[in-house]
Amino acid sequence: DICTQGFISNKDLKRHATSVHEGKKPFKCNTCDASFAGKSNLKKHVSSVHEGKKPFKCNICDARFAGKSNLKIHFSSVHEGNKPHKCEMCGTGFAQKDKLKTHVSSVHEGNKPFKCDICTIGFTLHSNLKQHVTSIHEGMRPFKCEMCDSNFTAKGSLMKHIASIHEGKKPFKC
């Protein structure tokens, strides 16, 4: 036994062992450098990331997700406050075990494995490196506000802008 993960089929177990424990992800995305253990994971990636398809919408906020399981995790952690995976060093809670591992590795162990080839800044996640390169080195600000002329490097920044500037929401009071 390598880990405690359980599966309903031998096929799922083999895919898990191959991708997680052996690091093999044979299904490569033609658009970016992402790779996946299964063909269905690649299809979901292309659909959500490159085609923008996120059919599962949260009925409380405007968050959208590619998969139903992602919506369930979002709802449980964001709206119900369920974050069962606690960091032993600082007490921060996470909805998913892999997010806790990333937190420990980056915050407490200082690991930033994704390095910028241009300025050598390190990042915890590959997605943060990609955002850094496109915004800082390529000057791209792809998230446009439809209510004014503002452009942003990240969707989260656009959402905060809309909430505070156009909707007047300022949740942090002095």
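The values are calculated or read from the model by the stated rules, or taken from the named source; none is laboratory data. What you see is a predicted model, and the numbers here were worked out from it, not measured in a lab. Don't worry about glycine lacking a Cβ; one is built from the backbone with ideal geometry, like all the others, and counts go over all protein chains shown. These area figures cover heavy atoms from the full protein model, side chains too; ligands, DNA and RNA do not enter into them. Shrake-Rupley method; radii C 1.70, N 1.55, O 1.52, S 1.80 Å.
Quick look at the values:
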read-out: HN-Hα J in Hz across region 111-117 - Karplus 6.51, -1.76, 1.60, θ = phi - 60°, x for Gly and Pro; value: 7, 9, x, 9, 9, 6, 5
read-out: Global geometry of region 127-174, whether rounded, prolate or oblate, following the gyration tensor of its Cα atoms and the 1.5 cut on a/c; value: oblate
read-out: Between region 110-172 and region 78-107, the Cα center-to-center distance that results, in Å; value: 22
read-out: For region 111-160, accessible area per residue (1.4 Å probe, heavy atoms of protein chains only), Å²; value: 72
read-out: Charge tally in the Cβ shell below 12 Å around Lys97, where Lys, Arg are +1 and Asp, Glu are -1, Lys97 excluded; value: +3
read-out: Per residue, in Å², the accessible surface of region 10-62 once ligands and nucleic acids are set aside, probe 1.4 Å; value: 73
read-out: Pairwise FRET efficiency - Arg141 versus Gln5, Cβ, R0 = 45 Å, nearest 0.05; value: 0.65
read-out: Cα gyration tensor of region 41-163 - equivalent ellipsoid semi-axes, whole Å, descending; value: 24, 23, 15
read-out: Within-14-Å neighbourhood charge of Cys87 [Cβ basis; K, R +1; D, E -1]; value: +2
read-out: Unsatisfied cross-links (Cα-Cα over 28 Å) in the set Lys83/Lys169; Lys72/Lys115; Lys54/Lys97; Lys44/Lys130; value: Lys72/Lys115
read-out: Near-label residues of region 57-71 by backbone N, under 12 Å of a point 7 Å along Cα→Cβ of Lys169; value: 60-63
read-out: Shape category assigned to region 1-100 from the gyration tensor of Cα positions, a/c cut at 1.5; value: oblate
read-out: Förster radius 45 Å - calculated FRET efficiency between Ser76 and Asp149 (Cβ-Cβ, nearest 0.05); value: 0.75
read-out: Fully extended contour minus Cα-Cα distance, from Lys14 to Cys90, at 0.36 nm per residue; value: 23.8 nm
read-out: Accessible carbon and sulfur surface of the chain relative to its total accessible area, %, 1.4 Å; value: 53
